[in-house]
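Note sheet for the following structure.
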Amino acid sequence: MLNLRMPWREPSGARTVVRNALASNAQAIDTALLWVVGSLLAIGLVMVYSASIALPDSPKFAAYKSTHFLARHSFAIALGVLVGMVAFATPMRFWQRWAPLLFVVGLVLLFVVLIPGVGKVVYGARRWLSLGFTSLQPSELMKFFVILYVADYTVRKQDYMQHFSKGFAPMGGVVVTVGILLLLEPDLGAFVVIATVAMGMLFLGGVNGRLFAGLVVTAVSTFAVLIAISPWRRERIFAYLDPFADPLGKGYQLTHSLIAFGRGELFGVGLGGSIEKLHYLPEAHTDFLLAVIGEELGLAGVLVVIFLFFWLIRRAFEIGRQAIAVDRVFSGLVAKGVALWLGFQAFINMGVNLGLLPTKGLTLPLMSYGGTGLLVNCVAIAVLLRVDFENRRLMRGAA
């Protein structure tokens, strides 16, 4: 088991074990991690093409070719890899130095997207900035910027993490500010992810236990109130509890997602053989990509995806623990923040697809169609690899 709590207070014995393990590994880059991430990207590319191939048959996408989403998704992956290479070549001290400024840039973008005529409205939500040839989703950038900011804040405020006014309150104000801007879009899903990741990192950073418990109670109460005062959010909850009570209304997406999984059984109906993607299951190439995987590749395909995410998240936590064990607290917290982010968002997406959680517009990291999200995911993985690279280089120098 990984010791996640109070990470920079590892016993000397644990530090020695980590140092020896890193020093004995001569590889500069974790190739196993690269293979896992590459597998997720490859499976996502194939399944996005399969899930979107019939979309041009609908009036909304009639002007597109059958390969439109495949081409754009391929471009997003290529761009993500290129930008990721730049991020990997960037030392962690750079990210720590500019973390506050990057966070401010994220706040500005969240504000700009709310300006009428500037932010692009899709399905009643103003979440995108049009760049002409593509769109930018500031909330996806903010997920990464928040990880950098919370890690830097925790390092700077280590001596005050047990105090409410000096340690906890400022970060609480930051999360509330981000939450207000996201709820104005509205984008409750992104707010839930960001708030959960920020709270998790504060816990790992050593925040006072009572303060953390109070934070959890406050957050849960806030989300409950937001759902209670919003009729359409309440309807989503009731649809989740019994989707077949309104299969043509609020339960439409979930019922067709469950039908897709049911048709797939153990080994699926075969790649490309999905019926639900033929204009029955909305957002099959984005939020409900896992349902198409379940229908075409069956339980076996779904379990492969779950295993790949499990391996990735576990490895990210290990990299974070190794960094902290050699006194690289910022880098370690960033690695664990990336693990929390990708793991929690993947868990929510899978839970929604399987009917275990209320329907929420969150994509499956590294796999679902979406330019900004995929780009930021690749950057986050590159930074994770950089943390591991610096761990290994430090230990080779010390060996």
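Read the figures in this text as sums done on the coordinates, not as results from a lab. Quick caveat: nothing in here was measured; it's all calculated off a predicted structure. Positions of Cβ are backbone-derived with ideal geometry, glycine not excepted, and every protein chain shown enters the neighbour counts.
Structure data summary
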{"read-out": "Helix-only [θ]222 nm of the chain, DSSP H runs n ≥ 4, -39500 (n - 2.57) each, per residue, nearest 500", "value": "-22500 deg cm²/dmol"}
{"read-out": "Counted charge near Arg126, where neighbours are those whose Cβ lies closer than 12 Å (Asp, Glu -1; Lys, Arg +1)", "value": "0"}
{"read-out": "Cα long-axis angle, helix 12-23 against the chain (0 to 90 degrees, to the nearest 10)", "value": "70 degrees"}
{"read-out": "For the range 129-175 versus the range 59-105, the gap between their alpha-carbon centres in whole angstrom", "value": "20 Å"}
{"read-out": "Dipole moment magnitude, nearest 20 debye, the chain about Cα centre, only Lys, Arg, Asp, Glu C-beta charged", "value": "1160 debye"}
{"read-out": "Residues Phe133, Phe88, Phe94, sorted so that the one with the fewest Cβ neighbours within 10 Å comes first", "value": "Phe133, Phe94, Phe88"}
{"read-out": "Per-residue Cβ neighbour rank within 10 angstrom, fewest leading, Lys277, Lys120", "value": "Lys120, Lys277"}
{"read-out": "Between 0 and 90°, nearest 10: helix 289-325 axis offset from the chain longest Cα axis", "value": "10 degrees"}
{"read-out": "Angle in degrees between helix 231-241 and the longest Cα principal axis of the chain, rounded to the nearest 10", "value": "90 degrees"}
{"read-out": "In order through the range 254-269: 3J(HN,Hα) via Karplus (6.51 cos²θ - 1.76 cosθ + 1.60), integer Hz, x for Gly, Pro", "value": "5, 4, 6, 5, 5, 4, 4, 5, x, 5, x, 6, 6, 10, x, 8"}
{"read-out": "Count of lysine pairs in the chain with Cα separation under 19 Å (8 or more residues apart, or interchain)", "value": "10"}
{"read-out": "Inter-centroid distance (Cα atoms) of the range 343-399 relative to the range 276-290, Å", "value": "22 Å"}
{"read-out": "Segments 349-358, 44-53 sorted - mean Cβ within 10 Å per residue, highest first", "value": "44-53, 349-358"}
{"read-out": "Listed residue (Val146, Gly361, Ile227) projecting farthest to the positive dipole end of the chain, Cβ model", "value": "Val146"}
{"read-out": "Residue exposure sequence - Ser257, Ser58 - by fewest surrounding Cβ within 10 Å", "value": "Ser58, Ser257"}
